[in-house]
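Enquirer: One structure is given below, represented as structure tokens, and several questions about it will come after.
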Amino acid sequence: MGAIYRRELRAYFISPVGYVFVGVFLCLAGAFFALSTLYSGTTSLSSYFTYVLMSFVVLIPLLTMRLFSEERKSRTEQLLLTSPVSLWGMVMAKFFAAFTLFGATLLVSCLNFLFIKGEYGAINVPVMLAQLLGVLLCGAAFCALGIFLSSLTENQLIAALTSIGAIVAMLGLGFITSGIENTALRVTLKWFSVSDRFYTFSYGLFDFVSLFYYVSIAFVFLFLTVRVLEKRRWA
Amino acid sequence: MIELSHIVKRFGDKLAVDDVSFAVGEGEIVGFLGPNGAGKTTTLSILTGYLSATSGTAKIGGVDILEHPAEAKRQIGFLPEYAPLYLDMTVEEYLGFVYELKGVKLPRAAHLCEIAAVARVEDVYRRVIKNLSKGYRQRVGIAAALVGNPKILVFDEPTVGLDPAQIVEIRNLIRTLGRDHTIILSTHILSEVQAVCDRIVVIDGGKILADKSTAEFVEITQAPTRLNLRIEGEQADVLRFLRSFNGVKSAEALARAEEGVYTYFVQTAEGKDIRRDLFFALAEHDFPVLGMEALGMSVEDIFLRLVGGDDNRKEVR
């Protein structure tokens with residue numbers, strides 16, 4: 001498992017994908033930060049983190065699109081599947097590789113916050129930490145989703161596009177549901193809305209229910225990925 | 001070492017492997033021979049745990065591959081039909097990755113160097129796999145199979161797509177490895193199994209047709225059944241003579257080779273070598289033989305011979 005994790009992390013930087021991800025992420029984060037705090041004259045980070053969340057639509061699929069599809073296309077999955085590593089080991093290794101690069105870049109982007117200190121007043125650190133945790137958890141759920149979609153195809157482009165679509169849907173669900181009159185349907189759809197859960201964090205609340213929600217979403221998609229791999233073996 | 005019993009594999013409606021059972025003892029080199037689409041790759045995939053059988057069991061060193069996959073897989077080095085290489089890695093990195101993946105405990109640097117020497121990839125050890133020739137890539141694949149010194153090696157069509165010199169090299173390498181490994185090698189080339197293996201298992205249509213030692217096998221398949229002849233003389237007379245000759249099943253004229261010389265294609269009756277008799281008989285009748293070539297048997301011919309003719313073969317299928 002450790003071997004696959006290290007290989008995936010290195011693979012990000014052998015190809016340009018890792019550099020593109022880090023570069024674009026940091027540029028966007030910088031721009032969002034400047035717009036939503038510095039130019040708006042506020043120390044509240046909630047709109048900044050919302051923008052960051054939106055940028056995941058493109059950024060997370062960049063990280064996850066090739067994780068399984070390329071393996072299948074180049075037939076290297078045969079090496080993995082005939083090695084003494086379990087399917088869960090494979091899937092978790094790839095998930096953590098994507099999540100590590102994502103999380104590390106997110107943390108680096110937080111250096112932006114240093115600009116605030118002294119200039120406009122102080123950041124509310126506990127609120128900021130809650131928001132950061134929310135973004136991290138949400139990113140983890142999207143990584144798992146992207147990995148699942150990558151395991152369904154051997155075409156990276158399709159993996160990327162379906163991931164973009166799925167993330168847009170999960171983020172957009174919150175906006176759509178407010179217009180639905182049927183209560184049962186609205187509540188059900190709202191339950192799947194990733195962005196709604198994020199708002200509890202963005203108010204600075206540490207919410208165990210939301211934490212559990214994101215972890216379950218990630219778990220479900222990773223579980224489905226394992227099932228996809230398992231099923232292919234029996235096909 | 002390896003025990004397959006009653007393996008069946010279906011892909012939807014298609015029956016790819018139909019009740020295949022065989023065992024391989026320690027130290028044997030077994031050739032798995034069959035035409036394309038016979039079920040070789042599927043069987044090997046089940047054996048190595050890449051696919052699961054619809055029914056039946058595969059045991060590696062007494063360990064069921066489904067019940068204890070990690071333990072079973074640790075005993076096997078597998079080279080699939082297309083070597084599973086990460087093209088963006090160097091040979092060194094790749095072998096290191098496989099070493100970690102398999103959780104090998106041997107001293108790393110020494111072990112990998114040793115493998116690189118055995119598989120003869122030392123010259124390209126630090127090069128990126130993407131830039132290597134097909135022959136070298138295949139050897140890197142073999143090196144990867146050797147990581148961790150598994151007792152069993154499984155090679156699926158290891159010489160496909162290589163040039164003749166590379167083929168000889170890979171075969172020699174496999175033969176060398178056979179001294180201290182149990183090897184299963186799949187191929188659709190008869191000469192390959194004859195050159196390398198002690199025992200030959202023939203498969204077609206997902207069923208095992210024969211399981212014999214190479215010596216036995218050679219005996220069955222040795223007598224040539226098809227001859228290409230170049231004979232001087234009137235075409236009609238020669239044909240009439242050939243057709244009436246005892247032991248000839250059919251004869252036909254192919255083309256005019258030179259002035260008054262024609263080529264003929266002769267099929268002989270099963271299991272009888274008539275080349276000498278035919279030569280002298282033709283000479284006696286004043287039909288000089290200017291060329292005679294015994295055509296090698298194709299895999300298809302061998303199947304015909306093994307199952308005794310077209311009709312039987314259809315039944316088997």
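The values are calculated or read from the model by the stated rules, or taken from the named source; none is laboratory data. Everything numeric here is computed off the predicted structure, so don't read it as measured data. Cβ atoms come from the backbone with ideal geometry, glycine included; neighbour counts cover every protein chain shown. With ligands, DNA and RNA removed, areas are computed over all heavy atoms of the protein, side chains included. Shrake-Rupley method; radii C 1.70, N 1.55, O 1.52, S 1.80 Å.
Enquirer: Can you tell me which residue within the range B:47-75, out of those that are in contact with a strand residue (DSSP E or B) (Cβ under 6 Å, 6 or more places away or on another chain) and either within 7 Å of chain A (Cβ to nearest Cβ) or in a loop (DSSP other than H, G, I, E, B) (or both), is most open to solvent (accessible area, probe 1.4 Å)?
Expert: Filtering first and then ranking leaves B:THR54.
Rundown of residues vs (1) under 12 Å from A:ALA97 (Cβ atoms); (2) more than 14 Å from chain B (Cβ to nearest Cβ); (3) touching a Cys at 6+ places or on another chain (Cβ under 8 Å); (4) without any contact (Cβ under 8 Å) to a residue 12 or more places away in the chain, yes/no style:
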| position | (1), (2), (3), (4) |
| --- | --- |
| A:MET1 | yes, no, no, no |
| A:GLU8 | yes, no, no, no |
| A:TYR12 | yes, no, no, no |
| A:VAL20 | no, yes, no, no |
| A:PHE25 | no, yes, no, no |
| A:LEU28 | no, yes, no, no |
| A:TYR39 | no, yes, no, yes |
| A:SER46 | no, yes, no, no |
| A:TYR51 | no, yes, no, no |
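Enquirer: Within the range A:86-93, is there a residue that is more than 14 Å from every other protein chain (Cβ to nearest Cβ), crowded, with 21+ Cβ neighbours inside 10 Å and not in a helix (DSSP H, G or I)? Explain how you work it out, then say what you get.
Expert: Restricting attention to the range A:86-93, the residues satisfying the condition of being more than 14 Å from every other protein chain (Cβ to nearest Cβ) are A:91-92.
Pick out the ones that are also crowded, with 21+ Cβ neighbours inside 10 Å and you get A:91.
Applying the additional criterion that residues be not in a helix (DSSP H, G or I) yields none.
Among the residues of the range A:86-93, not one is more than 14 Å from every other protein chain (Cβ to nearest Cβ), crowded, with 21+ Cβ neighbours inside 10 Å and not in a helix (DSSP H, G or I), which makes the answer no.
Enquirer: If you check B:LEU112, B:LEU106, which single one turns out to be over 30 Å from the mean Cα position of the chain (by Cα), within 11 Å of B:VAL147 (Cβ to Cβ) and more than 8 Å from chain A (Cβ to nearest Cβ)?
Expert: Every option except B:LEU106 fails the conditions.
Enquirer: When residues of the range B:1-15 are filtered for being in contact with a strand residue (DSSP E or B) (Cβ under 8 Å, 6 or more places away or on another chain) and within 11 Å of chain A (Cβ to nearest Cβ), how many remain? Steps first, answer last, please.
Expert: Restricting attention to the range B:1-15, the residues satisfying the condition of being in contact with a strand residue (DSSP E or B) (Cβ under 8 Å, 6 or more places away or on another chain) are B:1-10, B:15.
From the residues that got through so far, the ones that are within 11 Å of chain A (Cβ to nearest Cβ) too are B:9-10.
Total meeting the criteria: 2.
Enquirer: Residues in the range A:209-220: is at least one closer than 30 Å to B:THR42 by Cα, open to solvent by 70 Å² or more (accessible area, probe 1.4 Å) and within 18 Å of the chain's Cα centre (by Cα)? Explain how you work it out, then say what you get.
Expert: As a first pass, look at the range A:209-220 and keep what is closer than 30 Å to B:THR42 by Cα: none.
So far as the range A:209-220 goes, no, none of its residues is closer than 30 Å to B:THR42 by Cα, open to solvent by 70 Å² or more (accessible area, probe 1.4 Å) and within 18 Å of the chain's Cα centre (by Cα).
Enquirer: Got a sec? Which strands (runs of 3 or more DSSP E) wholly within the range B:151-220 have at least 3 residues that are open to solvent by less than 10 Å² (accessible area, probe 1.4 Å)? Even if it seems obvious, please write down each step before you answer.
Expert: Details: elements: B:152-156, B:182-187, B:199-204, B:207-213.
Strands (runs of 3 or more DSSP E) meeting the threshold: B:152-156, B:182-187, B:199-204.
Enquirer: Quick one: in the range A:146-166, which of the residues that are open to solvent by 10 Å² or more (accessible area, probe 1.4 Å), in contact (Cβ under 8 Å) with a residue 60 or more places away in the chain and in contact with a Phe, Trp or Tyr (Cβ under 9 Å, 6 or more places away or on another chain) is farthest from A:THR200 (Cα to Cα)?
Expert: Per the criteria, the residue is A:GLU154.
Enquirer: Which of the following residues is at pLDDT below 85 and of a type in the set (Ser, Thr, Tyr): B:THR225, B:THR263?
Expert: Values: B:THR263 fails: at pLDDT below 85.
The conditions single out B:THR225.
Enquirer: Can B:ALA283 be described as small (Gly, Ala, Ser), touching a residue at least 12 places away in the same chain (Cβ under 8 Å), more than 30 Å from B:LYS14 (Cβ to Cβ) and not assigned by TED's automatic domain parsing to the domain that holds B:SER133?
Expert: On the way: small (Gly, Ala, Ser): yes; touching a residue at least 12 places away in the same chain (Cβ under 8 Å): no; more than 30 Å from B:LYS14 (Cβ to Cβ): yes; not assigned by TED's automatic domain parsing to the domain that holds B:SER133: yes.
When the stated conditions are applied, B:ALA283 does not pass them.
Enquirer: Next up: Does A:VAL58 qualify as being open to solvent by 20 Å² or more (accessible area, probe 1.4 Å), within 24 Å of A:PHE13 (Cα to Cα), β-branched (Val, Ile, Thr) and away from every other protein chain (no Cβ under 14 Å)? Spell out how you get there, then give the answer.
Expert: Working: open to solvent by 20 Å² or more (accessible area, probe 1.4 Å): yes; within 24 Å of A:PHE13 (Cα to Cα): yes; β-branched (Val, Ile, Thr): yes; away from every other protein chain (no Cβ under 14 Å): yes.
For A:VAL58, the condition - open to solvent by 20 Å² or more (accessible area, probe 1.4 Å), within 24 Å of A:PHE13 (Cα to Cα), β-branched (Val, Ile, Thr) and away from every other protein chain (no Cβ under 14 Å) - is met.
Enquirer: Let me ask something else. Being touching a residue at least 40 places away in the same chain (Cβ under 8 Å) and open to solvent by 40 Å² or more (accessible area, probe 1.4 Å) is the filter here; which residues of the range A:167-196 pass it?
Expert: Taking the range A:167-196 first, the residues touching a residue at least 40 places away in the same chain (Cβ under 8 Å) are A:167-168, A:171, A:194-195.
Answer for the range A:167-196, where residues must be touching a residue at least 40 places away in the same chain (Cβ under 8 Å) and open to solvent by 40 Å² or more (accessible area, probe 1.4 Å): just A:VAL168.
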